[in-house]
Amino acid sequence: MKTALVILAAGKGTRMNSDLPKVLHQLAGAPLFVHAMQAGASLAPEHTVVVAGHGADMVRKAALAYDETAQVVAQTEQLGTAHAAAQARDALAGFEGTAIVLFGDTPFVRHETLDAMMEAQASHDVVILGFEAADPGRYGRLVMAGDTLERIVEFKDADAAERAITLCNSGVVACKAPLLFDLIDAVDNNNASEEYYLTDIVGLARARGLSATVVTCDEAETLGINTRAELAGAEAAFQARARADAFENGVTLPAPETVHFAFDTVIGRDTLVEPNVVFGPGVTVESGVTVRAFSHLEGCHIARGAIVGPYARLRPGAELSEDARVGNFVEIKNARIGTGTKVNHLSYIGDATLGRGTNIGAGTITCNYDGVMKHHTDIGENVFIGSNTMLVAPVHVGDGAMTGSGSVITSDVDADALAIARAPQVEKPGMAAKLFQILKAKKAKLQRGS
Ligand code: UD1
Ligand code: MG
């Protein structure tokens, strides 16, 4: 079934008390509205339209960073949810499939729920996602007649009997796109908020003899975020779910509450993640990996059998091959570490390719930045880089080569060669003893004088 996503993300979110629009606040390493995009992505939509208003440029950038095919349209004035959805009309011109409307501030809708809505849409004109609210508060109320949804009444417009209804509107709508825009055309703003309510399409559809129904989900899925406290609560909920998923997938977490996951973290079976590890966005970890305590990972891939940390930092573009070792106080950025290769202590490897079976000595640095441009370091297989080597990029070190400790390598090193680039050692016999004598005498004289 062909689908299009319409994500409403134009609101300011006054209660966040922020210069940043609400939908750009981060949850598990992604802007709030990207979670809605991610939930909908499982439907393989033909179109994803994000309706942006406050901070539209920033919203556009974030939307395209997640999905470069997303269309971002502007709602310059926030006149209500129906008015917001109407802004997607041009982007969906000629599209005859089902449009799913999602709210940008509602990040937990599961894709299984959207599947159920798509299924219901096959036999109903309008499908609304509802939930039984423990505290219905100010949610819109779903007025049912048997299995038929008759209309949605907003809290502000509801009478006492309607306010007593506990079946509430989540905001998610599924409807054929041409019908959706047709119904939206008929929505007015004669209500307590003087807004164009998307929820009015249900009553309008029923008045035309069309069918409307409700798919229900757990209240936790429809959690909307309005305040920073709610954002923190949502983060906790996300992390709890990510931990449960990790256990389910065969990941060992001895101190689960200290591990922080991102919205897209993928971890394989029999991987051990020790306490206090942070996963930023874009991390994939294969099976049988060990991530030791206090490591920080983002935008990287770790192949099976590798050991990372403790205290390792893997930045975007770090690629660890099988059985690689990255030890304490090592930073890797945009670099491929070959199979079984070791970078065990106190090193920076950036913009580099390291072959298999290579050993990088403690304190090694790839000097990748000349103040203006970045340059690449290429190190072959079975290389031994001596401790405290500076590799001034661009530079190539051939297979089987060695560098002497403390070298500053500024030109390429041939395969199997030993490169030493440091001042030669000078030895002065007896000089140390003499120096000690002189210095001690000086100190004694000073102490006598005072
Ligand atoms: C809406 C529903 C209500 C439901 C509740 C669930 C309507 C009229 N009401 O109310 O039935 O129970 O959500 O949380 O739809 N937005 C725009 N442009 C606008 C207005 C809103 O993009 O002009 C976006 C907001 O950024 C937000 C979403 O639409 O992401 C929902 O808007 P909001 O004002 O929060 O609606 P509610 O009053 O919560
Ligand atoms: Mg709301």
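Before rounding to the nearest 500, sum -39500 (n - 2.57) across all DSSP H runs of length at least 4 in the chain and divide by the residue total; then give [θ] at 222 nm in deg cm²/dmol. Don't jump to the answer; show the numbers that get you there.
On the way: 9 runs with 99 residues, N = 450.
The helix contribution divided over the chain gives -6500 deg cm²/dmol.
So what's region 362-406 giving for Rg/Rh, alpha carbon basis, Kirkwood Rh from the mean inverse pair distance? Write down the numbers at each step before the final one.
On the way: Rg = 10.6 Å, Rh = 10.8 Å.
Reported Rg/Rh (Cα atoms, Kirkwood Rh): 0.99.
Determine the distance separating the Cα centre of region 191-205 from the Cα centre of region 93-117; give it in Å without decimals.
19
Between region 304-343 and region 61-82, what's the alpha-carbon centroid distance in Å?
Centre-to-centre (Cα) distance: 37 Å.
Give the value in nm², to one decimal: projected area of the alpha carbon convex hull of region 201-251, averaged over all directions.
Spelled out: convex hull of the Cα atoms, projected over all directions, averaged, 5.6 nm².
Kindly state, as a whole number, the per residue volume in cubic angstrom of the convex hull around the alpha carbon atoms of region 228-419. Don't skip to the end; give the middle numbers.
Working: hull volume 18.3 nm³, N = 192.
So the per-residue hull volume is 95 Å³.
Whose amide H sits under 5 Å from the amide H of Val289, counting only residues 5 or more places off or on another chain, with H placed in the peptide plane?
For Val289, the qualifying residues are Thr271, Leu272, Gly305.
Straight-line reach from Lys440: which lysines fall under 28 Å, measuring Cα to Cα and dropping same-chain residues less than 8 apart?
Within reach: Lys428.
So what's the net charge close to Thr258: Lys and Arg +1, Asp and Glu -1, counting the other residues with Cβ under 11 Å from its Cβ?
Numbers: positive: Arg243; negative: Glu257, Glu274.
Around Thr258, the surrounding residues sum to -1.
At a Förster radius of 41 Å, what calculated FRET efficiency corresponds to the Cβ-Cβ distance of Val266 and Glu194, to the nearest 0.05? Before the final figure, lay out the partial values.
Values: r = 46 Å, r/R0 = 1.13.
After rounding to 0.05, the efficiency reads 0.30.
Step through the residues of region 80-94 one at a time and calculate ³J(HN,Hα) from phi using the Karplus curve (6.51 cos²θ - 1.76 cosθ + 1.60, θ = phi - 60°), rounding each to whole Hz and writing x for Gly and Pro.
These are the phi-based 3J(HN,Hα) values: x, 5, 5, 4, 5, 4, 4, 5, 7, 4, 5, 4, 9, 4, x Hz.
From zero up to wherever the largest Cα-Cα distance of region 3-222 sits, split into 10 Å bins and tell me the percent of pairs in each.
9, 36, 40, 15, 1
Kindly state, as a whole number, the per residue volume in cubic angstrom of the convex hull around the alpha carbon atoms of region 311-353. Show your work: numbers first, answer last.
Values: hull volume 2.1 nm³, N = 43.
Spread over its residues, the Cα hull of region 311-353 gives 49 Å³ apiece.
Glu322 label point, 7 Å along Cα→Cβ, cut-off 12 Å on backbone N: hits in region 269-306?
The answer is 287, 303-306.
What lysines could a cross-link reach from Lys2, if we take a straight Cα to Cα line under 19 Å and drop same-chain neighbours fewer than 8 places away?
Cα-Cα hits under 19 Å: Lys176.
Can you tell me which aspartates and glutamates have their Cα less than 12 Å from the Cα of Lys442? Leave out same-chain residues fewer than eight positions away.
The qualifying aspartates and glutamates are none; the list is empty.
May I ask for the Rg/Rh ratio of the chain, computed from Cα atoms with Rh as the Kirkwood radius, given to two decimals? Spell out each step's value before the answer.
Working: Rg = 30.3 Å, Rh = 25.7 Å.
Radius of gyration over Kirkwood radius for the chain works out to 1.18.
Whole Å is fine, so just give me how far the alpha carbon centre of region 376-450 lies from that of region 1-37.
54
In region 9-156, what percentage of the DSSP-assigned beta bridges are antiparallel, given to the nearest 5?
55
Take the residue pairs Lys22/Lys374; Lys12/Lys156; Lys342/Lys374; Lys22/Lys333 and return only those whose Cα atoms are more than 25 Å apart. Please list the in-between numbers first.
Values: Lys22/Lys374 36 Å; Lys12/Lys156 20 Å; Lys342/Lys374 23 Å; Lys22/Lys333 31 Å.
Check vs 25 Å cut-off fails for Lys22/Lys374; Lys22/Lys333.
Quick check: net charge around Phe95, other residues with Cβ under 14 Å of its Cβ, Lys/Arg +1 and Asp/Glu -1?
Numbers: positive: Lys2, Arg89, Lys176; negative: Glu46, Asp90, Glu96, Asp182.
It works out to a net charge of -1.
Once fully extended, how much extra length lies between Ala134 and Met1, figured as 0.36 nm per residue of separation less the alpha-carbon to alpha-carbon distance? Spell out each step's value before the answer.
Details: separation 133, 0.36 × 133 = 47.88 nm, distance 3.40 nm.
Contour length minus the Cα-Cα distance gives 44.5 nm.
Could you work out the Kirkwood radius for region 84-181, taking every pair of different alpha carbons, averaging 1/r and inverting it, reported in Å?
Values: mean 1/r = 0.0688 Å⁻¹.
It works out to 14.5 Å.
Under a 5 Å amide H to amide H cut-off, with H placed in plane at 1.01 Å, what residues pair with Ala74 once short-range neighbours are removed?
Answer set, sorted by chain and number: Ala52.
What are the semi-axes of the equivalent ellipsoid for region 212-286, taken as the square roots of 5 times the Cα gyration tensor eigenvalues, largest first, in whole Å?
Numbers: eigenvalues 141, 51, 24 Å².
In descending order the semi-axes read 27, 16, 11 Å.
Work out how much length Ser18 to Lys61 would gain on full extension: take 0.36 nm times their residue separation and subtract the Cα-Cα distance, in nm to one decimal. Each step should come with its number before you reach the end.
Values: separation 43, 0.36 × 43 = 15.48 nm, distance 1.89 nm.
Between Ser18 and Lys61, full extension yields an extra 13.6 nm.
Nearest-5 percent of antiparallel DSSP beta bridges in the chain? Don't skip to the answer; put the middle values down first.
Values: 19 of 95 bridges.
That works out to approximately 20 percent antiparallel.
When only alpha-carbon atoms are used, what values of Rg and Dmax, in angstrom, describe region 38-122?
Cα-based Rg and Dmax for region 38-122 come out at 13.0, 36 Å.
Only the coordinates and a few stated rules stand behind these numbers; no lab work does. What you see is a predicted model, and the numbers here were worked out from it, not measured in a lab. Neighbour counts run over all protein chains shown; Cβ positions are idealised from the backbone, glycine included.
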